[in-house]
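The values are calculated or read from the model by the stated rules, or taken from the named source; none is laboratory data. Just so it is clear, the structure is predicted and the values come from calculations on it, not from any experiment. When we count neighbours, we look across all protein chains shown, and the Cβ atoms used for this are built from the backbone with ideal geometry, even at glycine. Protein only, heavy atoms only, side chains kept; ligands, DNA and RNA dropped before computing areas. Shrake-Rupley method; radii C 1.70, N 1.55, O 1.52, S 1.80 Å.
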Amino acid sequence: MVFYREVRSPVVAGTFYPEDPDTLRKAIEESFLHSIGPGGLPSVSSERVRESSGFVVPHAGYIYSGPVAAHTYYQLALEGKPDTFVVIGPNHTGYGALVSVYPRGKWSTPLGVVDVDEELARNIITNSGYAELDYGAHVDEHSIEVQLPFLQYLYGEDFMIVPIVLALQTPDVARDLAKAIYDAATHLGRDIVVLASSDFTHYEPHESAVKKDLEAIKKVEELDTDGFYKVIRELNVSTCGPGGIMVAIEYTKLVYKENARAKLLKYATSGDTSGYKAAVVGYASIRFYKA
């Protein structure tokens, strides 16, 4: 049994990203300024511009995926601050519920503490046939945690999160969860952005990874949930967070209907940042938005 703690402490500070706050801020800024990154530091809009419903963003160590992730956060800065980020990651540990929604409390990183949107979390599970309030899946999971320092770099502590970890990653679950998120946010009048935390192909040669990943990303840009799921299965694309990506697709279609769009902001592999291309991991920032 996993017992509730008021503050969820970081588990990958010092490994996936620096533990020292100043060093962490510098690492984030280096991601923005990297040749693979956006090339400049973000400027947060003082006005909220609700153009994007969500993003796909990678979750590896910052030295590998940080510059690709920075493209998501650069765009987010241009659109100002929403109320809540629904951050959806894969279950790497096998702990907890199949669809695990973190119930309440706070999450901490070296840059501070952010609140969990308890009201939105409870509304999501009320509207879902799969989701459960659960702590266990989140105890040692890194895929959500690594997004928080980027968000804190932009917005300080003035935002909320709903962390969701998926062990069951199928189109049916994605449609259910997307509808649950949409209904909950609509009911509460909550301004939200969905972040699908996912890497793509794992530990294949650079050329192979790029070819397979771009086939899968093409289906994401077409907002084709079933097509995306078919491609990753048939081509054996070892995407670790396909469930979150499919939720972002389905949520965007609910929000923007015929005006829903998706666009690849940046793709690269760990070989592009490390120079070692014999066995790489693929990373993408993808934006979901209104035409």
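Worth a mention:
- Total residues in the range 232-291, condition farther than 23 Å from Leu76 by Cα, open to solvent by less than 10 Å² (accessible area, probe 1.4 Å) and part of a strand (DSSP E or B): 1
- Ser35 vs. criteria touching a strand residue (DSSP E or B) at 6+ places or on another chain (Cβ under 6 Å) and polar (S, T, N, Q): no
- Pairs are defined by a Cβ separation below 6 Å, a sequence spacing of at least 6 or placement on different chains, a first member in the range 75-89 that is within 16 Å of Asn123 (Cβ to Cβ) and of a type in the set (Val, Ile, Thr), and a second member that is part of a loop (DSSP other than H, G, I, E, B) and open to solvent by 10 Å² or more (accessible area, probe 1.4 Å); the pairs so defined are Thr84/Arg190.
- Contact map, the range 4-23: residues that are over 17 Å from Phe150 (Cα atoms) paired with residues that are surrounded by 12 or more Cβ atoms within 10 Å (Cβ to Cβ) and among the polar types (S, T, N, Q), Cβ distance under 8 Å, separation 6+ or inter-chain. Pairs shown: Val7/Ser108; Arg8/Ser108.
- Taking first residues from the range 102-123 that are at pLDDT 95 or above and charged (D, E, K, R) and partners that are open to solvent by less than 20 Å² (accessible area, probe 1.4 Å) and in a strand (DSSP E or B), the Cβ contacts under 8 Å between residues at least 6 apart in sequence or on separate chains come to Arg104/Val116; Lys106/Arg8; Lys106/Val114; Lys106/Val116; Asp115/Ile161; Asp117/Thr84; Asp117/Ile161; Asp117/Val162.
- Residues of the range 59-101 satisfying the condition of being open to solvent by less than 10 Å² (accessible area, probe 1.4 Å), among the aromatic types (Phe, Trp, Tyr) and not in a helix (DSSP H, G or I): Phe85
- Residue match in the range 17-28 (condition: among the hydrophobic types (A, V, I, L, M, F, W, C) and open to solvent by 30 Å² or more (accessible area, probe 1.4 Å)): no
- Taking the conditions (1) surrounded by fewer than 15 Cβ atoms within 10 Å (Cβ to Cβ); (2) within 17 Å of Glu145 (Cα to Cα); (3) among the β-branched types (Val, Ile, Thr) in turn, Val49 satisfies each one other than (2).
- Val210 vs. criteria touching a strand residue (DSSP E or B) at 6+ places or on another chain (Cβ under 7 Å) and within 24 Å of Phe150 (Cβ to Cβ): no
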